[in-house]
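Engineer: First, the structure itself, so that you have it in front of you.
The values are calculated or read from the model by the stated rules, or taken from the named source; none is laboratory data. Being a predicted model, the structure only gives us computed values, none of them experimental. Cβ placement follows ideal geometry from the backbone for every residue including glycine, while neighbour counts extend to all protein chains displayed. To get the accessible areas, we keep the full protein, side chains included, count just its heavy atoms, and leave off ligands, DNA and RNA. Shrake-Rupley method; radii C 1.70, N 1.55, O 1.52, S 1.80 Å.
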Amino acid sequence: MAFTEFRPLAEKSLIEYIKATSILSDKIGNNFGDLKIKEVGDGNLNFVYIVASPSGSFVIKQALPYIRCIGESWPMTKERAYFEALALREHGRLCPENVPEVYHFDRTMSVIAMRYLEPPHIILRKGLIAGIEYPLLAEHMSDYMAKTLYYTSLLYRTTTEHKRDVAEFCGNVELSRLTEQVVFSDPYKISQYNRWTSPYLDHDAEAVREDNILKLEVAELKSMFCERAQALVHGDLHTGSVMVTHDSTQVIDPEFAFYGPMGFDIGAFIGNLILAFYAQDGHADQMNDRIRYKEWILRTIRETWSLFYKKFTALWDEHKDGSGEAYIPEIYNNPELQLLVQRKYMQDLLHDTLGFGAAKMIRRIVGVAHVEDFESITDASKRAKCEQQALDLAKMLLKERKKFQSIDEVVLAIQQVQ
């Protein structure tokens, strides 16, 4: 059976596909007798299979030409698999400890085969709902973000290298356009896809659609998202795109990757931690009031930014006389100026992070795709109360992001809205 044109893989055709692909059949020791295949795609877009035999295992991810959770009525390019494979390989090269290895990519079939993150790895979002602490999360995520963002920016690279890669990733425009729609447009207008915890949040959803200042600020963020090719961002770095154990953190699913603003990634991660914080009251019970866990989340937010700041500026200092063309050494040639430049850059980046993080929070409450953190709170009035707090904080952060000088001030603001 030849796989010379695209077709969706079912279990039977998947076995044929593995047999026809030596790198994959070798991975499982050509042992087809004891092969176990499980479809685990709980995402919105793709088929995901775990393929395991006593000799080895891998994950197969196939992009479909439409949005899986909606069906063929919402077409979606399967070319996104190409950009996902590209980003996994590039980010994996820069931060191999936190990105699963790609074994095989087939552009015709939109298939990626990669390392299977075996149990006890779980999706971080599920761990946050269960109230599990991950002591190395901030350490690992700050590492991943500092390396992937610094090394793909003009702080490290020449404009020639940078432009070449920007041009390549511009091909992922369809997924970027989906983000433009669901993050920067739909929540601010009446859209058939929007939903919220009704009737409790009816007024809040309307208030978002009628807030002139909010819309003014969102336009600025959208323009930055569309126009600012600052670094190779993951593009969808929420807590559902991270798999964790007590001592491992793995970033998956970069199919939205493109050259965009660094703050979009940092904001997505921190914004989703803030959502998890506000969801905790809905998961508290007699056994566990979640108060200590909420403190851990706030600590993680603070540490993620502080460690990122420290690592990112350390990479910058280490390579300040390298070939990066953002700040040419002959011009930025004294320590005072270098410090000024760095402080300004990082302050702007904090503000971008808060703006994008807030926009991601808002869309998860009144837009199309919600988060399990809130959705798993069965009591609708309790859920709405949690969502309302998150929404209030997000609107304030988005509008007033430039007033914040430090992450400590942000944490204080989070604590005050509850």
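Engineer: Using 0.36 nm per residue, how much length does the chain from residue 321 to residue 16 gain when fully extended, once their Cα-Cα distance is taken away?
Structural biologist: Gain on extension, residue 321 to residue 16, equals 104.6 nm.
Engineer: Using the Kyte-Doolittle scale, which helices in the chain average at least -1.0 and also have C-alpha atoms spread 27 Å or more along the helix axis, with helices defined as whole DSSP H runs?
Structural biologist: 262-283, 291-318, 335-366, 380-400
Engineer: To the nearest 10 Å², what's residue 253's accessible area with a 1.4 Å probe?
Structural biologist: Here the accessible area works out near 50 Å².
Engineer: Could you list the GluC sites (Glu not before Pro) in the range 298-336 that lie in coil according to DSSP, counting only those with at most 11 other Cβ atoms within 10 Å of their Cβ?
Structural biologist: 330
Engineer: In µm²/s, what is D for the range 1-113 at 37 °C and 0.692 mPa s, where D = kT/(6 pi eta Rh) by Stokes-Einstein and Rh is the Kirkwood radius from Cα pairs?
Structural biologist: Value of D from the Cα-based Kirkwood radius: 223 µm²/s.
Engineer: Distances longer than 12 Å among the Cα atoms of the range 314-369: what percent of all pairs is that?
Structural biologist: For the range 314-369, the share of Cα pairs beyond 12 Å comes to 73 percent.
Engineer: Could you give the accessible area per residue of the chain, probe 1.4 Å, as a whole number in Å²?
Structural biologist: 43 Å²
Engineer: Can you pull the percent of Cα pairs in the chain with separation above 32 Å?
Structural biologist: Here the long-distance tail beyond 32 Å is 37 percent of all Cα pairs in the chain.
Engineer: Contact order normalised by length for the range 212-362, with contacts defined as Cα pairs under 8 Å and 6 or more residues apart; what percent is it?
Structural biologist: Dividing the mean separation by the residue count of the range 212-362 yields 30 percent.
Engineer: Additional query: Can you work out D for the range 226-265 in µm² s⁻¹ from Stokes-Einstein, where Rh is the Kirkwood radius over C-alpha pairs, the temperature is 4 °C and the viscosity is 1.567 mPa s?
Structural biologist: For the chosen part, D equals 120 µm²/s.
Engineer: Using a cut-off of under 16 Å, list every residue of the range 289-305 whose amide N is near the label point 7 Å from the Cα of residue 379 along the Cα-to-beta-carbon line.
Structural biologist: Answer for this model: 289-291.
Engineer: Let me ask something else about it. Report the FRET efficiency, 1/(1 + (r/R0)^6), for residue 2 and residue 107, where r is their Cβ-Cβ distance and R0 is 22 Å, rounded to 0.05.
Structural biologist: So the FRET efficiency works out to roughly 0.90.
Engineer: Within the range 52-113, report the trypsin sites (Lys or Arg not before Pro) that DSSP leaves as loop and that have at most 14 other Cβ atoms within 10 Å.
Structural biologist: 107
Engineer: Please compute the length gained on full extension between residue 330 and residue 344, using 0.36 nm multiplied by the number of residues separating them and subtracting their Cα-Cα distance.
Structural biologist: This chain segment gains 3.1 nm when fully extended.
Engineer: Work through the residues other than residue 398 whose Cβ is under 14 Å from its Cβ and net out their charges, Lys, Arg +1 and Asp, Glu -1.
Structural biologist: +4
Engineer: While we're on this one: Quick one: check the C-alpha center-to-center distance for the range 121-151 versus the range 313-338, whole angstrom.
Structural biologist: 29 Å
Engineer: Please give the Cα centre distance for the range 6-40 versus the range 269-284, rounded to the nearest Å.
Structural biologist: 39 Å
Engineer: How far apart, in nanometres, would the label points at residue 97 and residue 207 be if each is projected 7 angstrom from Cα along the Cα-to-Cβ direction?
Structural biologist: 4.3 nm
Engineer: Right, something else. Summarise the accessible area of the chain (1.4 Å probe, protein heavy atoms) by the percent that is carbon and sulfur.
Structural biologist: Percent of accessible area from carbon and sulfur atoms in the chain: 51.
Engineer: With r as the distance between the Cβ atoms of residue 66 and residue 190 and R0 = 22 Å, compute the FRET efficiency 1/(1 + (r/R0)^6) and round to 0.05.
Structural biologist: 0.35
Engineer: Over 29 Å between Cα atoms: which of 163/320; 147/385; 36/147; 294/402; 215/344; 38/360 fall into that group?
Structural biologist: From 163/320; 147/385; 36/147; 294/402; 215/344; 38/360, over 29 Å: 147/385; 36/147; 38/360.
Engineer: Quick one: net charge around residue 417, please, counting Lys, Arg +1 and Asp, Glu -1 for every other residue with C-beta under 11 Å from its C-beta.
Structural biologist: 0
Engineer: I need the Debye-formula profile for the range 64-111: one equal scatterer per C-alpha, no solvent, reported as log10 I(q)/I(0) at q = 0.20, 0.33 1/Å, two decimals.
Structural biologist: Debye curve over Cα of the range 64-111, log10 I(q)/I(0) at q = 0.20, 0.33 Å⁻¹: -0.71, -1.11.
Engineer: In percent, what relative contact order does the chain have, based on Cα pairs under 8 Å that are 6 or more apart in sequence?
Structural biologist: 17 percent
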